[in-house]
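The values are calculated or read from the model by the stated rules, or taken from the named source; none is laboratory data. Small disclaimer: the values here were computed from a predicted structure and weren't measured. Please note: Cβ atoms are built from the backbone with ideal geometry, for glycine as well, and neighbour counts cover all protein chains shown. The accessibility values were calculated without ligands, DNA or RNA, using every heavy atom of the protein model including side chains. Shrake-Rupley method; radii C 1.70, N 1.55, O 1.52, S 1.80 Å.
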Amino acid sequence: GEDVEQSLFLSVREGDSSVINCTYTDSSSTYLYWYKQEPGAGLQLLTYIFSNMDMKQDQRLTVLLNKKDKHLSLRIADTQTGDSAIYFCAESPSGGSYIPTFGRGTSLIVHP
Amino acid sequence: KAGVTQTPRYLIKTRGQQVTLSCSPISGHRSVSWYQQTPGQGLQFLFEYFSETQRNKGNFPGRFSGRQFSNSRSEMNVSTLELGDSALYLCASSLTSGGPSADTQYFGPGTRLTVL
């Protein structure tokens with residue numbers, strides 16, 4: 001079955017770049033997503049990438065996809081304390097159906 | 001414009017009971033999807049409803065069911081509650097079906113269910 005793996009924690013200094021990594025196993029994955037969950041708040045979609053793309057940039061966020069290695073990363077430039085949250089990677093299969101499988105989440109801690 | 005609302009916000013039930021959770025989407029949105037978040041299993045997709053029809057379904061037992069009304073409000077029901085059903089249940093709404101690649105999703109604050 002599908003499996004999505006993420007490291008559990010990442011600690012960075014304010015102003016540095018953060019890179020959160022994710023690996024997935026389903027070779028039929030069509031869309032890969034990054035969600036953010038702040039303490040006590042709901043989930044928020046940050047960005048997504050289609051599997052025929054290698055990179056997608058959206059302001060401070062850069063998503064890189066290595067389809068051969070089934071590796072996805074989210075880079076946050078100039079990380080701020082407000083970026084402290086849990087980041088979830090998710091994949092959804094091909095065929096037009098949205099049936100996401102989520103990773104366990106990476107807790108990003110930004111310290112001054 | 002009001003956001004996604006979920007009621008109740010907190011709920012305590014005992015094993016064997018059933019529970020119904022409600023999700024009111026943003027006005028005009030026709031898709032509602034449901035998710036379960038637990039410390040043990042993490043975040044899991046339950047199902048998605050669009051125009052009163054279930055469009056997509058995750059891998060959950062039949063005890064978990066849902067429905068959507070003509071005004072797009074959705075309910076999910078869990079019968080014969082088990083301790084492992086204790087979780088934060090999130091719903092999200094969007095204009096169309098197909099997940100966030102089709103249209104932006106907006107999440108509600110969740111319902112925290114505790115099963116004793």
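Test of understanding: among A:Leu32, A:Leu64, A:Leu45, which residue is within 14 Å of chain B (Cβ to nearest Cβ), crowded, with 16+ Cβ neighbours inside 10 Å and out of contact with any Cys (no Cβ under 9 Å at 6 or more places or on another chain)?
On inspection, the qualifying residue turns out to be A:Leu45.
Report yes if A:Ser97 is more than 14 Å from chain B (Cβ to nearest Cβ), surrounded by fewer than 19 Cβ atoms within 10 Å (Cβ to Cβ) and not hydrophobic (A, V, I, L, M, F, W, C), otherwise no.
no
Sort through B:Gln6, B:Gln17, B:Gln36, B:Gln44 and tell me the only one that's within 14 Å of B:Thr114 (Cα to Cα) and part of a strand (DSSP E or B).
So the residue among B:Gln6, B:Gln17, B:Gln36, B:Gln44 that is within 14 Å of B:Thr114 (Cα to Cα) and part of a strand (DSSP E or B) is B:Gln36.
Can you tell me which residues in region B:1-52 are of a type in the set (Lys, Arg) and touching a Gly at 6+ places or on another chain (Cβ under 9 Å)?
B:Lys1, B:Arg9, listed by residue number.
In region A:15-29, how many are of a type in the set (A, V, I, L, M) and either surrounded by fewer than 20 Cβ atoms within 10 Å (Cβ to Cβ) or more than 13 Å from the chain's Cα centre (by Cα) (or both)?
Residues in region A:15-29 being of a type in the set (A, V, I, L, M) and either surrounded by fewer than 20 Cβ atoms within 10 Å (Cβ to Cβ) or more than 13 Å from the chain's Cα centre (by Cα) (or both): 1 in total.
Considering region A:17-55 alone, what residues qualify as being part of a loop (DSSP other than H, G, I, E, B), closer than 16 Å to A:Ser73 by Cα and modelled with pLDDT of 90 or more?
Passing the criteria: A:Ser17, A:Asp54.
So which residues in region A:47-83 are among the acidic types (Asp, Glu) and either within 23 Å of A:Tyr98 (Cα to Cα) or within 15 Å of the chain's Cα centre (by Cα) (or both)?
Listed by number, the residues that qualify are A:Asp54, A:Asp58, A:Asp69, A:Asp83.
Would you please list the contacts, defined by Cβ atoms under 7 Å and residues six or more apart or on different chains, that run from a residue in region A:32-47 that is closer than 20 Å to A:Lys70 by Cβ to a residue that is open to solvent by 20 Å² or more (accessible area, probe 1.4 Å) and of a type in the set (S, T, N, Q)?
A:Tyr35/A:Gln44
When the residues of region B:52-107 are narrowed to those that are in a loop (DSSP other than H, G, I, E, B) and of a type in the set (Asp, Glu), which ends up nearest to the other protein chains (Cβ to nearest Cβ)?
B:Asp103
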